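Asker: Got a structure here, written out as structure tokens. Questions coming.
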Amino acid sequence: MNYSKYPLFFILIILNISIVLAGQIHDLDFSDKNIITATINERDVARFTLPYREYNIDKYNDNIIDYKLINKEHKVMIREISKNKDFARLTIFIQDAETPQYLNLGFKNIIKLDFDRDSLDDLIIRLNKINGNETTLTLESIQEDKKTGEVKLFGIAKEAKKENKLSNIVSFFRNLFSMNQTNQENKLIAGEEGKIEGSKPKIINLLAENWKITSIILVILLIIIWNRRYIKRKLRRLSF
């Protein structure tokens, strides 16, 4: 018996197992239509290309939305179908992402994917039917002119928000006791119409416009008034 052929035989078996486990790749084309229904077997992969927004970060920090569109390839694999045939476990491979995403898709939920992480949906996946090892999915690509809402880049909007909070705090203490220039301008404009509006210190307008701060100050004043005798006794003891 010639045993020299065995290694080649085992290699062929391993290759066949790998091919079976890898499954089939289904190429989806969103260039002509934005909604595609595909029937995919367990371990199969749906591969597609979508526009990706590459934002100008410097302009974004200046509150200017500017980006260029580039195409990126993504994949959705049916990793496993549940025993009850009521949901499928998906693995999402996003181009340039370090790790894949693992999600469950059932008949009562949908999956919304944001590939460029700008808080706007790029793809919606729905589960239509499970028949044996076959899963029928509907994949809807959100067209560029249909994307609405405020752009918030992940990891960048939060940092910009902190900077805005810091500048607001600085401006608050800088202008706390300054005269309200806006009211002065209103006085000139309203004076032409026969209405007179005096200028007020900024702190008075702040208390008038922020009920939370005003409420806290009132509570503190009431506590002081309620315990005035106790406070007086303490002050007298300290004076001696």
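Asker: Can L69 be described as modelled with pLDDT of 95 or more and under 19 Å from I25 (Cα atoms)?
Answerer: Criteria not met by L69.
Asker: Scan the stretch 71-91 residue by residue and report those that are β-branched (V, I, T) and closer than 17 Å to I124 by Cα. Spell out the reasoning first.
Answerer: So in the stretch 71-91, the residues β-branched (V, I, T) come out as 76, 78, 81, 91.
The answer is V76, I78, T91.
Asker: Based on what the data block shows, is Y52 surrounded by 14 or more Cβ atoms within 10 Å (Cβ to Cβ) and not in a strand (DSSP E or B)?
Answerer: In short, no.
The values are calculated or read from the model by the stated rules, or taken from the named source; none is laboratory data. Fair warning: this is a prediction, and the values are worked out from it, not measured in the lab. Every residue, glycine among them, receives a Cβ derived from its backbone with ideal geometry; neighbour counts consider all protein chains shown.
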